[in-house]
Amino acid sequence: MAQTDTNSGRAPARKNIFHTLEIDLRLLGMIGAFIAVCLVFNVLTDGRFLTPRNIFNLTIQTVSVAIMATGMVFIIVTRHIDLSVGALLATCSAVMAMTQTDWLPNAMGLEFGHPLIPWIAIGVGLLSGLVIGAFHGYLVGYLAIPAFIVTLGGLLVWRNVAWYITSGKTIGPLDETFQKFGGINGTLGATGSWIVGGLALLGALYALYAARRNKVKHGFPVKPVWAEFLLAAIIGAAILGFVAILNAYEVPTRVLQRTFEQAGLEMPEGYTQSYGIPISVLLLIFLAIAMTIVARRTRFGRYVFATGGNPDAAELSGINTRWLTVKIFALMGALCALSAVVASARLTNHSNDIGTLDELRVIAAAVIGGTALAGGIGTIHGAILGALIMQSLQSGMAMVGVDAPLQNIVVGSVLVLAVLIDIVYRKRTGGA
Amino acid sequence: MAQVQKQGVTPLVDMRDICISFGGVHAVDHVSVDLYPGEVVGLLGHNGAGKSTLIKILSGAYQADSGEIYVRGEKATITNPRDARALKIETIYQTLALADNLDAASNLFLGRELVTPLGLVDDDAMEAETRKIMAKLNPNFKKFNDPVSALSGGQRQSVAIARAVYFDAQILIMDEPTAALGPHETQMVSELIEQLKAQGIGIFLISHDIHDVMKLCDRASVMKNGQLVGTVDVDDVTDDDLLGMIILGKKPGAAAD
Ligand SMILES: Nc1ncnc2c1ncn2[C@@H]1O[C@H](COP(=O)(O)OP(=O)(O)OP(=O)(O)O)[C@@H](O)[C@H]1O
Ligand SMILES: [Mg+2]
């Protein structure tokens with residue numbers, strides 16, 4: 001009965017402000033939950049949670065899991081699972097650490113510190129992740145072994161392959177340039193951050209404009225102009241506010257003084273320097289944009305979602321779902337490698353337990369972010385927000401002084417609760 | 001009639017001696033059917049007779065264990081749905097084969113997306129095309145931005161029909177295309193079939209409605225337990241003859257032969 005309006009000649013009336021803005025209620029709910037978590041911890045920590053310093057730390061702690069969560073969305077959307085991402089991260093990290101500290105210097109004669117080393121190491125790491133992921137995809141897609149089994153095996157295999165690669169040793173310190181991908185050791189500074197923020201703003205405004213122009217061209221209904229401006233204002237405030245907060249976190253005077261002393265210079269009176277946007281966060285932002293375009297605007301992405309929604313229909317439409325599976329797992333593998341760059345750079349070395357339990361965090365981030373295990377549904381921004389919510393919970397509890405075991409109990413419960421809320425929400429709205 | 005039509009004309013489709021079995025079940029057992037331009041051939045038979053399986057071999061969903069397919073006189077190797085589409089064979093599946101989580105336009109163009117010069121999927125252009133074809137096929141259809149899971153059975157069926165018709169099929173397979181449609185929409189599909197036939201398109205129409213078959217088809221092939229009972233000119237038989245073929249598996253006048 002509620003559907004009758006669709007049979008009238010006109011487009012259905014716009015229902016409320018969120019509908020007018022075409023903002024997804026689900027996303028809004030997640031943002032609301034995130035803000036609530038932040039505010040609660042801010043009160044509990046007497047305002048220490050929402051300081052520029054802590055926000056800076058939160059963002060750099062989230063990156064590694066968030067990178068992998070974007071790939072996990074595609075995996076889960078196609079009704080698979082990948083339990084091996086943490087172990088694969090460890091293998092890629094081990095490969096990259098050995099490449100830069102041992103193989104290149106000793107076997108190839110490139111001495112440690114050579115400018116090419118970090119890039120060759122990253123290339124080798126990405127290739128390893130890609131190949132291993134593709135192999136998983138081959139086992140799942142062509143040999144029809146369930147992904148759960150393939151990647152459960154992978155979890156054991158790659159964790160221990162990593163151990164053999166490094167003979168169980170911690171490898172470090174890693175290359176200086178390589179370390180810049182870790183967070184605090186590589187940031188854009190105030191000016192660079194404002195430039196990036198400005199470009200992001202221009203890009204967002206252009207995207208809004210282009211979308212509207214396209215709709216008008218085809219004669220589709222568009223949002224009222226005031227709604228476009230309101231949306232633009234919200235996006236603009238979010239981008240510039242984010243830059244402002246990260247710029248407000250300044251390098252401690254001690255650290256600056258030491259830097260100047262090392263350079264043999266006198267630090268000028270009242271000199272300050274901002275950290276600004278970490279390179280790792282910038283990497284995540286670029287990746288998020290790229291993966292969103294892949295999900296929504298490429299054939300590959302369209303086939304991922306079609307296959308998740310109805311594998312038979314996808315097959316009957318001529319989609320090669322086996323090869324698609326290989327590509328999805330290969331992408332996941334490459335993202336594990338990228339994540340390994342960030343994670344090992346942040347620690348400044350490769351250690352045996354790097355990425356331990358990350359598979360659970362990554363799956364939880366994707367699922368909290370609205371990816372349905374039944375397949376066919378999930379968003380990149382949702383998964384990143386999921387990762388951010390989980391990291392906030394964990395850091396917040398640590399700051400409040402909650403014991404580690406209790407932290408895990410809370411995070412586990414939140415995961416189950418988030419899925420329950422999602423199920424109830426989808427039943428209410430009748431959404432798929 | 002059909003005999004006259006056949007002389008000197010190459011059939012669009014000629015499936016010869018097709019067999020397929022699933023783990024001992026002979027779903028299609030030495031069946032031969034053919035289809036000429038501008039002709040509608042009805043495929044009849046009780047549930048599980050093998051009708052869908054037979055046409056799925058033509059549409060590339062299954063591969064025959066044995067037998068040959070000739071399309072426009074040439075031997076065709078159809079190993080997947082892409083091959084069939086390339087031969088201008090389009091199919092409306094009994095199950096509709098829609099991805100429920102995608103909207104009508106994404107389903108209509110699935111596997112054949114329109115892209116921008118940059119190679120990105122052009123959703124707006126696809127929606128515009130979908131609106132155009134839906135305006136012809138089902139003017140009541142308005143839910144262009146909802147996933148097809150939110151559509152009624154009839155609306156879903158019209159999306160599946162639009163997909164088969166949009167890409168200039170020369171050979172159209174319709175597996176119970178009106179099963180979920182109301183009387184008005186069913187009437188529209190009948191008109192559509194007449195129209196496509198007039199354009200010289202050949203249609204395999206699977207239906208359980210003998211009345212429809214008598215009205216729309218030129219010939220009817222009847223299957224039972226995976227085997228072909230026979231193919232008759234619809235003008236030469238009565239409803240009861242067809243029913244007899246379906247139920248008893250006997251060709252009319254077979255006793256006299
Ligand atoms: N993929 C499959 N695996 C195993 N058996 C199958 C498969 N597809 C079809 N069959 C079997 O083949 C036989 C013919 O099925 P088919 O779907 O072709 O019948 P149909 O004539 O289309 O029936 P209906 O009128 O109910 O649609 C049935 O016995 C069915 O169980
Ligand atoms: Mg059938």
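The values are calculated or read from the model by the stated rules, or taken from the named source; none is laboratory data. None of these values were measured; they are calculated from a predicted model. For neighbour counting, all protein chains shown are included, and Cβ atoms are generated from backbone atoms with ideal geometry for every residue, glycine included. When the accessible area is computed, the model is the full protein with side chains, heavy atoms only, and any ligands, DNA or RNA have been set aside. Shrake-Rupley method; radii C 1.70, N 1.55, O 1.52, S 1.80 Å.
Yes/no matrix, rows are residues, columns are (1) closer than 16 Å to A:Arg79 by Cβ; (2) not aliphatic (A, V, I, L, M):
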residue: A:Val140; (1), (2): yes, no
residue: A:Gly153; (1), (2): no, yes
residue: A:Val157; (1), (2): no, no
residue: A:Lys169; (1), (2): no, yes
residue: A:Gly172; (1), (2): no, yes
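Tell me the residue from A:Thr298, A:Thr292 that is modelled with pLDDT of 95 or more and touching a strand residue (DSSP E or B) at 6+ places or on another chain (Cβ under 9 Å), please.
So the residue among A:Thr298, A:Thr292 that is modelled with pLDDT of 95 or more and touching a strand residue (DSSP E or B) at 6+ places or on another chain (Cβ under 9 Å) is A:Thr298.
Looking at (1) within 19 Å of A:Ala306 (Cα to Cα); (2) within 16 Å of ligand 2 (Cβ to nearest atom); (3) assigned to a helix (DSSP H, G or I), which one does B:Lys56 not meet, given that it meets all the others?
So the condition that B:Lys56 fails would be (1).
Give the residue, chosen from A:Ile277, A:Ile368, that is in contact with a strand residue (DSSP E or B) (Cβ under 9 Å, 6 or more places away or on another chain), open to solvent by less than 30 Å² (accessible area, probe 1.4 Å) and at pLDDT below 95.
Being in contact with a strand residue (DSSP E or B) (Cβ under 9 Å, 6 or more places away or on another chain), open to solvent by less than 30 Å² (accessible area, probe 1.4 Å) and at pLDDT below 95 holds for just one of A:Ile277, A:Ile368, which is A:Ile277.
Please find, within the range A:373-388, the residue that is nearest to A:Leu415 (Cα to Cα) out of those that are among the aliphatic types (A, V, I, L, M) and within 14 Å of chain B (Cβ to nearest Cβ).
That would be A:Leu373.
Give me a count of the residues in the range B:179-237 that are of a type in the set (Val, Ile, Thr), within 17 Å of B:Ala160 (Cα to Cα) and touching a strand residue (DSSP E or B) at 6+ places or on another chain (Cβ under 9 Å).
Total meeting the criteria: 4.
Here's a check for you: in the range B:39-64, which residue that is more than 10 Å from ligand 1 (Cβ to nearest atom) and open to solvent by 10 Å² or more (accessible area, probe 1.4 Å) is nearest to the other protein chains (Cβ to nearest Cβ)?
The residue in question is B:Gln63.
Can you tell me how many residues in the range B:158-199 are open to solvent by 10 Å² or more (accessible area, probe 1.4 Å), more than 16 Å from B:Tyr36 (Cα to Cα) and of a type in the set (Asp, Glu)?
Qualifying residue count, the range B:158-199: 4.
Only one of (1) away from chain B (no Cβ under 14 Å); (2) at pLDDT below 95; (3) assigned to a helix (DSSP H, G or I) is not met by A:Ile23, so which one is it?
Only one criterion in (1) away from chain B (no Cβ under 14 Å); (2) at pLDDT below 95; (3) assigned to a helix (DSSP H, G or I) is unmet by A:Ile23, namely (3).
Which residue is most open to solvent (accessible area, probe 1.4 Å), if the candidates are limited to the range B:106-126 and must be more than 7 Å from chain A (Cβ to nearest Cβ) and of a type in the set (Val, Ile, Thr)?
B:Val115
Checking A:Gly376 against (1) surrounded by fewer than 24 Cβ atoms within 10 Å (Cβ to Cβ); (2) touching a residue at least 60 places away in the same chain (Cβ under 8 Å); (3) part of a loop (DSSP other than H, G, I, E, B), which test does it fail?
(1)
Out of (1) within 13 Å of ligand 1 (Cβ to nearest atom); (2) more than 24 Å from B:Met214 (Cα to Cα); (3) not small (Gly, Ala, Ser), what's the single condition that is false for B:Asp83?
Single failed check for B:Asp83: (1).
For the range B:192-200, indicate whether the set of residues that are within 16 Å of ligand 2 (Cβ to nearest atom), assigned to a loop (DSSP other than H, G, I, E, B) and more than 14 Å from every other protein chain (Cβ to nearest Cβ) is non-empty.
no
Conditions: (1) in a helix (DSSP H, G or I); (2) surrounded by 20 or more Cβ atoms within 10 Å (Cβ to Cβ). A:Trp103 meets all but one. Number of the miss?
Answer for A:Trp103: the failing condition is (2).
Restricting attention to the range B:91-105, and to residues there that are open to solvent by 10 Å² or more (accessible area, probe 1.4 Å) and under 29 Å from A:Ala295 (Cβ atoms), which single residue is farthest from ligand 1 (Cβ to nearest atom)?
My answer is B:Asp103.
What are the pairs, 6+ residues apart or on separate chains, where a residue within the range A:142-157 that is within 19 Å of A:Thr321 (Cβ to Cβ) has its Cβ under 8 Å from a residue that is assigned to a helix (DSSP H, G or I) and open to solvent by 60 Å² or more (accessible area, probe 1.4 Å)?
These pairs meet every condition: A:Tyr142/A:Arg322.
Between A:Gly276, A:Gly370, which is within 14 Å of another protein chain (Cβ to nearest Cβ) and touching a helix residue (DSSP H, G or I) at 6+ places or on another chain (Cβ under 9 Å)?
Answer to the check: A:Gly370.
Looking at (1) more than 29 Å from A:Ile145 (Cβ to Cβ); (2) open to solvent by less than 20 Å² (accessible area, probe 1.4 Å), can you tell me which one A:Leu282 breaks?
(2)
Only one residue in A:Gly308, A:Gly333 is closer than 14 Å to A:Ile67 by Cα, open to solvent by less than 40 Å² (accessible area, probe 1.4 Å), in contact with a helix residue (DSSP H, G or I) (Cβ under 7 Å, 6 or more places away or on another chain) and assigned to a helix (DSSP H, G or I). Which one?
None of the other options fit; the residue is A:Gly333.
What is the number of the single condition among (1) at the interface with chain A (Cβ under 9 Å from one of its Cβ atoms); (2) among the small types (Gly, Ala, Ser); (3) free of Cβ contacts under 8 Å to residues at least 40 places away in the same chain that B:Ala99 does not meet?
Against the list (1) at the interface with chain A (Cβ under 9 Å from one of its Cβ atoms); (2) among the small types (Gly, Ala, Ser); (3) free of Cβ contacts under 8 Å to residues at least 40 places away in the same chain, B:Ala99 comes up short only on (3).
Specify which of the listed residues (B:Val9, B:Val41, B:Val25, B:Val33) is out of contact with any strand residue (DSSP E or B) (no Cβ under 8 Å at 6 or more places or on another chain), on the phi < 0 side of the Ramachandran plot and within 16 Å of ligand 2 (Cβ to nearest atom).
One residue alone meets the criteria, B:Val25.
Among the candidates B:Gly8, B:Gly24, single out the residue that is within 13 Å of ligand 1 (Cβ to nearest atom) and farther than 20 Å from B:Gln94 by Cβ.
Values: B:Gly8 fails: within 13 Å of ligand 1 (Cβ to nearest atom).
So the residue among B:Gly8, B:Gly24 that is within 13 Å of ligand 1 (Cβ to nearest atom) and farther than 20 Å from B:Gln94 by Cβ is B:Gly24.
Could you go through the range A:112-122 and let me know if any residue there is in contact (Cβ under 8 Å) with a residue 60 or more places away in the chain, among the aromatic types (Phe, Trp, Tyr) and in a helix (DSSP H, G or I). Write out each step before concluding.
Restricting attention to the range A:112-122, the residues satisfying the condition of being in contact (Cβ under 8 Å) with a residue 60 or more places away in the chain are A:112-113, A:115, A:117-118, A:122.
Those still in the list that are among the aromatic types (Phe, Trp, Tyr) too: A:112.
Next, from what is left, pick out any that are in a helix (DSSP H, G or I): none.
Among the residues of the range A:112-122, not one is in contact (Cβ under 8 Å) with a residue 60 or more places away in the chain, among the aromatic types (Phe, Trp, Tyr) and in a helix (DSSP H, G or I), which makes the answer no.
Quickly run through the range B:12-22 and pick out the residues that are open to solvent by less than 50 Å² (accessible area, probe 1.4 Å), away from ligand 2 (no atom under 16 Å from the Cβ) and either charged (D, E, K, R) or touching a Phe, Trp or Tyr at 6+ places or on another chain (Cβ under 7 Å) (or both).
Looking only at the range B:12-22, we keep the residues that are open to solvent by less than 50 Å² (accessible area, probe 1.4 Å), and these are B:12-15, B:18-21.
When the remaining residues are screened for being away from ligand 2 (no atom under 16 Å from the Cβ), the result is B:12-15, B:19, B:21.
B:Leu12, B:Asp14, listed by residue number.
Consider the range B:65-79. How many of its residues are surrounded by fewer than 19 Cβ atoms within 10 Å (Cβ to Cβ) and within 14 Å of another protein chain (Cβ to nearest Cβ)?
Final tally of qualifying residues: 1.
Each row is one residue, and each column tells you yes or no for (1) under 25 Å from the mean Cα position of the chain (by Cα); (2) crowded, with 23+ Cβ neighbours inside 10 Å.
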{"residue": "A:Leu139", "(1), (2)": "no, no"}
{"residue": "A:Ala147", "(1), (2)": "yes, yes"}
{"residue": "A:Tyr164", "(1), (2)": "no, no"}
{"residue": "A:Ser167", "(1), (2)": "no, no"}
{"residue": "A:Leu174", "(1), (2)": "yes, yes"}
{"residue": "A:Thr177", "(1), (2)": "yes, no"}
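If B:Val189 passes every condition in (1) under 26 Å from B:Arg112 (Cα atoms); (2) without any contact (Cβ under 8 Å) to a residue 40 or more places away in the chain; (3) within 16 Å of ligand 1 (Cβ to nearest atom); (4) among the aliphatic types (A, V, I, L, M) but one, which one does it miss?
(3)
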